[in-house]
Amino acid sequence: ASIKYGGRGRQRFIWVARGADGSLRGLGSGGRRRTMGCFFSKRRKQAKESQLSAESGDRNAAGDPGAEKQPQYSWDQRAKIDPKDYMFSGLKNETVGRLPGTVAGQQFVIQDCENCNIYIFDHSATITIDDCTGCRIFLGPIKGSVFFRDCKDCKCIVACQQFRSRDCRKMEVFLCCATQPIIESSTGVKFGCFQYYYPELALQLKDAGLSIFNNTWSNIHDFTPISGENNWGLLPEDALIQDAVPLPTAEELKAVRISTDASKSIIPVTRGRRPKCSEESCLVVFFAGDYTTANARKLIDEVRSTLLWLTPGLQ
């Protein structure tokens with residue numbers, strides 16, 4: 001076949017041949033081949049692609065083992081999370097909680113509860129407690145912050161990276177905190193050292209990235225001090241933690257083997273900023289290793305037992 005065109009009184013011929021795919025191929029000078037687009041060839045190519053796509057769909061629908069599988073991504077395989085599973089809201093005169101392994105590092109919210117006993121026996125990302133009155137609350141290790149807002153007459157046991165309270169009144173907090181605890185526009189807040197035990201607690205502290213030896217529970221910073229007044233204080237050294245937050249009575253929560261004995265506490269009980277019993281001090285260094293924590297705990301227990309023997313009645 002040939003195509004004739006002319007210009008300025010001259011005529012030229014281009015010899016072409018149709019290829020197997022329907023396109024027209026022209027022969028240029030020097031033996032080079034050029035491919036020319038063809039409207040009909042495009043239509044044939046689109047029809048062929050549509051046919052292949054339809055055949056692939058039929059194989060997938062029929063469960064053809066040779067069919068190409070759709071890619072699976074990690075975010076497609078995550079379990080669906082219902083925020084209601086990580087919230088206590090609007091409760092009154094109830095005992096509720098979460099067992100070890102049921103929170104697993106998620107965020108948790110407690111709000112608008114009155115006269116409740118609340119127990120979170122697991123580690124979490126962050127916890128906020130809003131508008132609660134007269135509640136007794138235990139919060140397992142928190143990787144980030146715990147934030148109390150507009151709460152009053154609450155008693156709590158908390159282990160966290162950061163502690164904050166705002167617009168709170170008359171609270172008692174047995175605390176383990178890796179950073180300086182902060183209160184703001186709050187009054188009548190009293191602090192004591194965290195002391196608690198249940199078998200899963202040590203691993204939960206590790207999962208939350210908290211060290212049992214880094215506890216600044218008594219080094220409080222008040223953002224809104226009042227001249228001549230003190231918005232916070234320390235609980236008596238002989239204050240009993242079970243008097244603040246009683247052991248759970250619900251059958252489900254009683255399965256957690258709890259001890260409030262200070263000598264069994266996973267986090268060592270310290271005096272904080274209370275007056276020292278003696279001006280003498282001693283520095284002990286443990287080098288990092290597989291048994292560092294165990295050796296440190298053994299030394300603490302031995303020193304404590306020695307003090308109890310030398311000073312009867314010392315807690």
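The values are calculated or read from the model by the stated rules, or taken from the named source; none is laboratory data. Note that the structure is a prediction, hence the values are computed from the model and not measured. No Cβ is skipped: glycine too gets one built from the backbone with ideal geometry, and neighbour counts run over all protein chains shown. Ligands, DNA and RNA are stripped out before the accessible areas are found, and what is left, the full protein with its side chains, is counted by its heavy atoms. Shrake-Rupley method; radii C 1.70, N 1.55, O 1.52, S 1.80 Å.
Brief remarks follow.
- Ligands, DNA and RNA aside, ASP85 has an accessible area near 80 Å² when probed at 1.4 Å.
- Residues whose placed amide H lies under 5 Å from that of ILE137, excluding near-sequence neighbours: ILE118, LYS155, CYS156, ILE157
- Ranked by the mean number of other Cβ atoms within 10 Å per residue, highest first, peptides 252-260, 170-178 order as 170-178, 252-260.
- Using the Cβ-Cβ distance between ASN219 and ASP112 with R0 set to 22 Å, the FRET efficiency from 1/(1 + (r/R0)^6) comes to roughly 0.10.
- Taking every Cα-Cα distance in the stretch 240-299 and sorting them into 5 Å bins starting at zero, the pair-distance distribution P(r) comes out as 3, 12, 15, 17, 17, 14, 11, 7, 4, 1 percent.
- Cut-off under 5 Å, modelled amide H: who pairs with LYS190 long-range: MET171, GLU172, VAL173, GLY233
- Pairs over the 18 Å Cα-Cα cut-off, from the set LYS80/LYS143; LYS143/LYS206; LYS155/LYS190; LYS190/LYS254; LYS84/LYS152: LYS80/LYS143; LYS190/LYS254; LYS84/LYS152.
- For SER305, neighbours were defined as the other residues whose beta-carbon sits under 14 Å from its Cβ, and their charges (Lys and Arg +1, Asp and Glu -1) total +1.
- Nitroxide proxy distance, nm - points 7 Å out along Cα→Cβ at SER227 and SER89: 4.4 nm
- Annotation: the stretch 181-227 has a Kirkwood hydrodynamic radius of 13.1 angstrom, from the mean reciprocal C-alpha pair distance.
- Cβ-derived FRET efficiency at R0 51 Å, SER263 paired with LYS170, nearest 0.05: 0.95
- Net charge, PHE223 excluded, C-beta distance under 10 Å - Lys, Arg +1, Asp, Glu -1: 0
- Zone residues, the stretch 242-280, relative to SER211, backbone N less than 18 Å from point 7 Å out along Cα-to-Cβ: 266-272
- Summed side-chain charge close to PHE148 - residues other than PHE148 whose Cβ falls under 14 Å, Lys, Arg +1, Asp, Glu -1: +1
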